[in-house]
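As structure tokens, the structure follows; a few thoughts come after it.
The values are calculated or read from the model by the stated rules, or taken from the named source; none is laboratory data. Since we're looking at a predicted model, the values are computed, not measured. Positions of Cβ are generated from backbone atoms using ideal geometry, with glycine treated the same way; all protein chains shown enter the neighbour counts.
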Amino acid sequence: MRLACLKSFLEERRLAVAILLGVAGALFLWWWSGRGWLLEVNGSPVGAVASPAIVNAAVAELAKTTRLPEKVKLKDKITYRRLWWPCRQVLSLAELKERLRGRLSFCAEAVAVGVNGRPCFFFPDEATAKAFLEEVRKLYTVKPGVPASFAEKIRLVKKEVPLGKLMTLAEALKLVKQGERVEEKYTIKEGDTFWDLANSLGLSVEDIIACNPNLDPWHLQPGQEIKLVRERPYLTVVQTYTERREEEVPFPVQREYTDQLPPGKVEVVQPGVPGKCEKVYEVVAQNGREISRRLVETKEITPPQAQVKKLGRRILLASRGGGHSGFIWPASGSITSPFGPRWGGFHTGIDIGAPYGAPVIAAASGRVIRAGWYAGYGETVDIDHGGGVVTRYAHLSAIYVGVGEWVVQGQRIGSIGMTGRATGSHLHFEVIIGGVPRDPQRYLP
């Protein structure tokens, strides 16, 4: 009886132990399977994941793109830590990709186009890099069939770069057309203005002011340093070629001065006929623009025939009471200082008072032999009328003719001013005959 009771007791205990072990095992499996993994990138936690496999899948999808080379490397360090407590929520594949997108950096071996030792363009393979250089040559070719080279030193090198730097052919060509913006420093010199700088550097005044917002453009000081941002090409394609042109040769003009005609009167004795010639030029173009042209050969086809002109230079010099010289008044105004002795010296002309900037005209037709600053006369124009007769117009504020130019009677040659040794705005007018100043009033109407 006792033996039967003991046996029954042991069987009941064995069943209880088995049930207890089963429950404990189930709890352990539930705990173990629900722990998950803590994902870290470069030591920083990203989130809990079910397994490393889902991380590998997310990384693989992020690395997929059509422009990449076959081998892509992940530069970041990915680590996992087993969680010691059950994780109620792990990241899905979509959530994991979104969190990793800005944290992971991929790199690959690329072919870089080096420009003067500086890598500028990055391609997945050498074939694309060479195709890019050929397309740039075609882009700026002026004369087909003529070799085009680069002014810069070009070299293809293999280089491991971040995937973001890799380019397609179209992207690289767009960058070439845009050029690069380069910041430069410029030191202000005496007489510099923003307007002069903009004109000489090919910039706008607005661009210069935008780069220097704290600088007053009206008060520049020599020695000041300003910032300039200019665009320059990444690559310069150079073509040197010869160009043949048939050009017209202007006919020469032979002028014969005669006293048989009044001043300003011109007679064409023989008409001129232009000639023809073939010229050969050596032309240098950079990025499609001609930068130099040198004449290397000229071959005459037909010679020009000279035009022969007769120009009148007759001037009737007479007193105001005895006739008319052919002169007209060079300015409108009254005589403020006559010809003759003045202030212990001798006044070699007359002063005609007139408002500043008023017109000054040629008293007679002739050729300009002086146009510019002349000692105490200031800005001066001298006109040779032939026959030893010269008129002088001094103290001008502006000059509108040049040396060698033929002017006709009444043509505006300058403006009233007060340059040189002058008091008040006026025109100093002289008539010089045979090198000797004469009283202009004798020859004016």
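If you take the residues in the stretch 325-342 that are aliphatic (A, V, I, L, M) and surrounded by fewer than 16 Cβ atoms within 10 Å (Cβ to Cβ), which one is farthest from residue 362 (Cα to Cα)?
At the first step, the residues of the stretch 325-342 found to be aliphatic (A, V, I, L, M) are 328, 331, 335.
Within this subset, residues satisfying the condition of being surrounded by fewer than 16 Cβ atoms within 10 Å (Cβ to Cβ) are 328, 335.
Numbers: 328: 8, 335: 17 Å.
Step by step, filter the stretch 325-342, then rank; the result is 335.
Quick one: which strands (runs of 3 or more DSSP E) lie wholly within the stretch 238-295 and hold at least 3 residues that are charged (D, E, K, R) and within 46 Å of the chain's Cα centre (by Cα)?
Working: elements: 253-258, 266-270, 275-286.
By residue number, 275-286.
Based on what the data block shows, is residue 398 in contact with a strand residue (DSSP E or B) (Cβ under 6 Å, 6 or more places away or on another chain), small (Gly, Ala, Ser) and closer than 20 Å to residue 332 by Cα? Reasoning before the result, please.
Details: in contact with a strand residue (DSSP E or B) (Cβ under 6 Å, 6 or more places away or on another chain): yes; small (Gly, Ala, Ser): yes; closer than 20 Å to residue 332 by Cα: yes.
Yes, satisfied.
Between 402, 410, which is at positive phi and in a loop (DSSP other than H, G, I, E, B)?
Details: 402 fails: at positive phi.
Result of the check over 402, 410: 410.
For the stretch 112-190, which fully contained strands (runs of 3 or more DSSP E) count at least 1 residues that are closer than 30 Å to residue 218 by Cα and assigned by TED's automatic domain parsing to the domain that holds residue 212? If you could, list the steps in order and put the result at the bottom.
Numbers: elements: 118-123, 154-162, 180-187.
Correct list: 180-187.
If you go through the stretch 52-67 one residue at a time, do you hit one that is in contact with a Pro (Cβ under 9 Å, 6 or more places away or on another chain) and either modelled with pLDDT of 80 or more or exposed (fewer than 14 other Cβ atoms within 10 Å of the Cβ) (or both)? Steps first, please.
Just the residues of the stretch 52-67 that are in contact with a Pro (Cβ under 9 Å, 6 or more places away or on another chain), to begin with: 67.
Cutting the leftovers down to either modelled with pLDDT of 80 or more or exposed (fewer than 14 other Cβ atoms within 10 Å of the Cβ) (or both) gives us 67.
Within the stretch 52-67, one or more residues are in contact with a Pro (Cβ under 9 Å, 6 or more places away or on another chain) and either modelled with pLDDT of 80 or more or exposed (fewer than 14 other Cβ atoms within 10 Å of the Cβ) (or both).
Select from the stretch 172-206 the residues that are closer than 25 Å to residue 121 by Cβ and in contact with a Lys or Arg (Cβ under 7 Å, 6 or more places away or on another chain) and list them in ascending order. Step through it out loud before you land on a result.
Let us first name the residues in the stretch 172-206 that are closer than 25 Å to residue 121 by Cβ, namely 172-184.
Once the filter is applied, which keeps residues that are closer than 25 Å to residue 121 by Cβ and in contact with a Lys or Arg (Cβ under 7 Å, 6 or more places away or on another chain), the stretch 172-206 yields 179, 180, 182, 183, 184.
Out of (1) over 28 Å from residue 282 (Cβ atoms); (2) outside any loop (DSSP other than H, G, I, E, B); (3) outside the structural domain of residue 294 (by TED's automatic domain parsing), what's the single condition that is false for residue 200?
With (1) over 28 Å from residue 282 (Cβ atoms); (2) outside any loop (DSSP other than H, G, I, E, B); (3) outside the structural domain of residue 294 (by TED's automatic domain parsing) applied to residue 200, the lone miss is (1).
Taking the stretch 375-391 as the region of interest, how many residues are farther than 16 Å from residue 443 by Cα and either crowded, with 16+ Cβ neighbours inside 10 Å or not assigned by TED's automatic domain parsing to the domain that holds residue 361 (or both)? Before the answer, list the steps.
The initial filter retains those residues of the stretch 375-391 that are farther than 16 Å from residue 443 by Cα, namely 375-382.
Subset that is either crowded, with 16+ Cβ neighbours inside 10 Å or not assigned by TED's automatic domain parsing to the domain that holds residue 361 (or both): 377-382.
Of the residues in the stretch 375-391, 6 are farther than 16 Å from residue 443 by Cα and either crowded, with 16+ Cβ neighbours inside 10 Å or not assigned by TED's automatic domain parsing to the domain that holds residue 361 (or both).
Looking only at the stretch 413-445, which residues are in contact with a Gly (Cβ under 9 Å, 6 or more places away or on another chain), outside any loop (DSSP other than H, G, I, E, B) and of a type in the set (Val, Ile, Thr)?
Correct list: 431, 432, 433.
Would you mind stating whether residue 228 is touching a Cys at 6+ places or on another chain (Cβ under 9 Å), in a loop (DSSP other than H, G, I, E, B), of a type in the set (A, V, I, L, M, F, W, C) and under 30 Å from residue 172 (Cα atoms)?
Working: touching a Cys at 6+ places or on another chain (Cβ under 9 Å): yes; in a loop (DSSP other than H, G, I, E, B): no; of a type in the set (A, V, I, L, M, F, W, C): yes; under 30 Å from residue 172 (Cα atoms): yes.
Taking the combined requirement at face value, the residue does not satisfy it.
Six or more apart or on different chains, Cβ under 8 Å: which pairs go from a residue in the stretch 174-190 that's surrounded by 12 or more Cβ atoms within 10 Å (Cβ to Cβ) to one that's part of a strand (DSSP E or B) and acidic (Asp, Glu)? Could you list them?
179/231; 180/231; 186/225; 188/225
Among the residues that make up the stretch 333-347, is at least one of them assigned to a strand (DSSP E or B), within 52 Å of the chain's Cα centre (by Cα) and closer than 17 Å to residue 427 by Cα?
No: zero hits.
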